1. Straight-line reach from Lys445: which lysines have Cα under 30 Å away, leaving out those fewer than 8 places along the same chain?
2. How many angstrom separate the Cα center of segment 758-798 from the Cα center of segment 187-261?
3. Which of Tyr85, Phe95, Tyr131 sits closest to the plus end of the dipole of segment 53-151, meaning its Cα is farthest towards the positive end, when Lys and Arg get +1 and Asp and Glu get -1 on the C-beta?
4. For Arg559, Arg375, give me the order by solvent-accessible area with a 1.4 Å probe, most accessible first, ignoring ligands, DNA and RNA.
5. Any idea what the dipole of segment 212-276 comes to, in debye rounded to 20, about its Cα centre with Lys/Arg Cβ at +1 and Asp/Glu Cβ at -1?
6. Dimensions of segment 97-185 along principal axes (Cα, Å, largest first)?
7. Quick one: net charge of Thr567's neighbours, Cβ under 12 Å, K/R +1, D/E -1?
8. How large is the charge dipole for segment 172-315, taken about the Cα centre, if only the Cβ atoms of Lys, Arg (+1) and Asp, Glu (-1) carry charge, to the nearest 20 debye?
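The values are calculated or read from the model by the stated rules, or taken from the named source; none is laboratory data. Quick caveat: nothing in here was measured; it's all calculated off a predicted structure. Virtual Cβ from ideal backbone geometry, glycine too; neighbours counted across all protein chains shown. Accessible surface is based on the protein model in full, side chains and every heavy atom, while ligands, DNA and RNA are left aside. Shrake-Rupley method; radii C 1.70, N 1.55, O 1.52, S 1.80 Å.
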Amino acid sequence: MQIVADVRYALRQFAKAPGFTATAILTVALGIGATTAIFTLVYAVLLKSLPVVNPEDLYRVGNEEHCCVNGGMQDNWTLFSYEQYKQFRDQATGFAELAAMQAGQNMIGVRRNGSNKPSEPYQSEYVSGNYFSTFGILPYFGRTLSPNDDRKGAPAVAMMSFRTWQEKFAKDPTVVGAGFVINGQPFTVAGITPPGFFGDRVQSTPPAFFIPLNDEPLLSPTATNLEDAALDWLDLIGRIRPGADTQAMEAQMQVQLRQFLLSPLSKVEERDKPLVAKQMLHFSHGGNGVQMMRDEYKDGLHLLMWVSGFVLLIACANLANLMLVRAANRQQQTSVRSALGAFRMALVRQTLTESVVLALLGGIAGIIVAFAGTRVILYLAFRNDPVPIPATPSLPVLGFALAVSLLTGILFGVGPAWLTSKSNPVEALRGANRSTSSRGGWGQKSLVVVQAALSLVLLCAAGLLARSLSNMQHQDFGFVTANRYILHIDPEMAGYSPSQLEALYRQLHVNLATIPGVKQVSFSVYTPMEGDNWGNGVFVDGEPPPSPGTRDHGASWLRVSPHYFDTIGTKIVEGRANNEQDTPATRNVAVVNRFFEQKYFKDGHALGKHFSNDMKHTGYFEIVGVTEDTHYWGPSERMRPMYFLAQGQTVHGEPRYQQFEDRSQYLNAIAIETAGNVPGLEAQVRRAIAQVNPDLAVINFKSFADQVKANFTQQEMIAKLTSFFGILALVLASIGLYGVTAYSVERRTSEIGIRMALGADRMNVLRLVLRGAFLQVGIGLAIGIPVAILGGHAMASQLFGVKPYDPLILSVTLLVLCAAAFLAALLPARIAAGLEPMRALRTD
């Protein structure tokens, strides 16, 4: 076949020019490799379906992402109570099966029967009995959970993930059917999930155990969600029947939702019932599962796709430049071949073939780059919590790389092919390659202009993101991280009831405080910036309650032990902190933050005033102190009102909130302040806790600084990768400018010789070459400046404390690009200035 012959000829030509070939392949490999590595992550997080049977038949009930427990009206419903799920499951005729799963996870303590080792902490997820059959998941070993397992009184069983079985139990086959103790309760492992299945969502630390919903009260007797019809904590995904009308199903379930909310089971207050008619739910495709991570990462990943696409364009422009130079240098040879009878179409086809083959070779090399690049990106993105995303590009990703390679070869082979088609046989006889024109090579120069513009855009983006990250990291968070450590325990996992907690925390405090070097110890439900948040309504004593449906009338809240604020370094700006005198027998007190004081008290003074989280009893809490504003959420999120309740004190309010009140007595987060570096602190802490109870597993011991740093992982990844791509773009653009300038010097050798023979000195020639180079770069920068400003506005959602247009960053970027352009053009310019006039005049 002719195409095979063309490919062989192209390979022979490349072998004769190894320098050109290696440069072209490396250039394309960097562009395609970077783009493919980013697309690997984009595909896994945003596009890839769950590894289930016929994912296109799955639908979620809800189109938003929420975690983890809601109460009251949602307006647009995504989470549901167990009672709602049962009604939907039994009445929704369009679903072949409708499964429910916990919107979040919980920590459990697990040890094997007969083991004398303490329980180990594992992530678990409660799921309905038809969870695996809805997804079409078969067990790798043993059996899956069934509806018979998910009923009251059924023997307690669990499904173990393949990852846990492999990493923790070395694929021991006796695990299946074996007895385990989970949170002090006997369970049997029914089976192992298949290797590729990590649950209903992409997430760090996927569930190690899947447990039937009806076993939730067994493992969480203090605060069960299952039996409270007013608590919404389940995501729903169903498999529709063939031919089902999803719009009709959605309308039917919306009616069922409103009927449920008007029933006594929902516990909706009379004042809120007019809002029921406004409650909505919408279906969304469920083949990708619950996409919490997608929503978190999509803006950053889209930005990186644009950035890597710009790098690919710059790499392709370099390839086009190389091919244009190669075609121009071979123009006389092409003219001779045409004069000897070669068909022009055959010459064009050969040039296009060479371009496509070169691009494909670069694509193959790019896949190798993508393998390494994907591992680096996954490390940067999920360094603290590895995510089960394969670092190996999948078939769709490889197809993407192949398609990009082909497109690159075709698009950027058109220019050289066009140049080939213009070859004139007569010019072979009169030395057409000799030139004294300064206007030649406009195609190459145009590509340099594009490269300069794109490089400016990428470097400006990198500068904005770097400044944004710095602003985010160095803001005042309202606490101190130096010499402070955070760890977690879960007394409920070890079988402690609420009545036993006071004695437990007292003993833990004694053991931890006696470690040499420890200054202070405190306990709380959670700590700043660890990813947790509890919220409730706020009703100020003496003020009318907010109108039904008011959303912005609540606050985050936290129960803490004495010395908590001192331990984490938060200042009390008015009044006092809670202390040992605040007991269950004394008045209920609260400390609020500045934002709470300013939001809920018009006179700006909160001390001595009262409020509650229960509309019927507005004076439960007396405010005794005000703290500085402290970030308990993401580093870029706005400040929220917050109040802090004292350890041991309790309030009996609305029944639907009572379980949170009871659950808040479990202060699972421990903060420790030290006098400096304490050698072996973690080992000493673990030993001190084990002395109290060996079943109290230590979870996530880390420095406070590391906990805060983990909040910047995504921003660091985006800033580092954008900076890397910006530098890569600068290097590629500089190479392109160097190549075009060197080629221009070669083409104008005769002209330069004439100028020097007529009296031009070396400095004149140097200025001539540099002026031509900087003209291209200047045009590119003029185009790039408005594009960079528009790009800053487009990525405004990724910026913190930085304007989309920053004159300093733009100025520095312009200086960097001009310096790189000067260095890239200087060497060809010096070569031109060093030419001997007579030698230049003899050059053909």
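1. Cross-link targets: Lys16, Lys422.
2. Comparing the Cα centres of segment 758-798 and segment 187-261, I get a distance of 58 Å.
3. With unit charges placed on the Cβ atoms, the residue in question is Tyr131.
4. Values: Arg559 5, Arg375 145 Å².
Highest to lowest solvent-accessible surface, that is Arg375, Arg559.
5. Value, rounded to 20: 280 debye.
6. Rounded to whole Å, the extents work out to 42, 25, 24 Å.
7. Numbers: positive: Arg484, Lys519; negative: Asp566, Glu673.
Here the charged neighbours net out to 0.
8. Here the size comes out at about 360 debye.
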